[in-house]
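Data first, discussion second: the structure below is written as structure tokens.
Taken together, the values in this text are just the output of simple stated rules run on the coordinates, not laboratory data. Keep in mind the model is a prediction, meaning the values are calculated, not measured. No Cβ is skipped: glycine too gets one built from the backbone with ideal geometry, and neighbour counts run over all protein chains shown.
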Amino acid sequence: MARPVSEIKIYEQNRLADRSPGDDGLTARWTVRCGSGEIRIGSWINGLTSSIWNRTGYTVCFYEHINASGRELIRIGPGGWSNNVGSGANDKISSYTFC
């Protein structure tokens with residue numbers, strides 16, 4: 001039996017434009033597995049996020065500063081994705097939390 005997917009994938013470009021959310025043929029710039037306890041975006045993608053795929057069963061909120069502080073820039077529901085996080089969040093995300 002396949003184990004359920006529980007991760008958040010973050011992309012530097014608008015990588016989901018021509019894909020459906022069930023297509024895992026994309027290479028994420030950063031992936032976090034649920035239960036890792038990490039809330040910061042890795043330094044190699046900090047401030048570079050353009051698209052996100054929430055492959056968890058939870059809503060995820062993304063913030064402009066470390067430790068889930070500052071403005072909430074975007075919120076993505078369970079199983080949801082954003083091909084383009086929009087000008088208010090593009091290249092500004094530094095951390096996330098389940099909300």
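Between ASN46 and CYS61, the modelled label-to-label distance comes to 2.1 nm, taking each label 7 Å out from Cα in the direction of the beta carbon. Taking a ≥ b ≥ c as the square roots of the eigenvalues of the alpha carbon gyration tensor, the stretch 50-99 is oblate, as a/c is not under 1.5 and a/b does not beat b/c.
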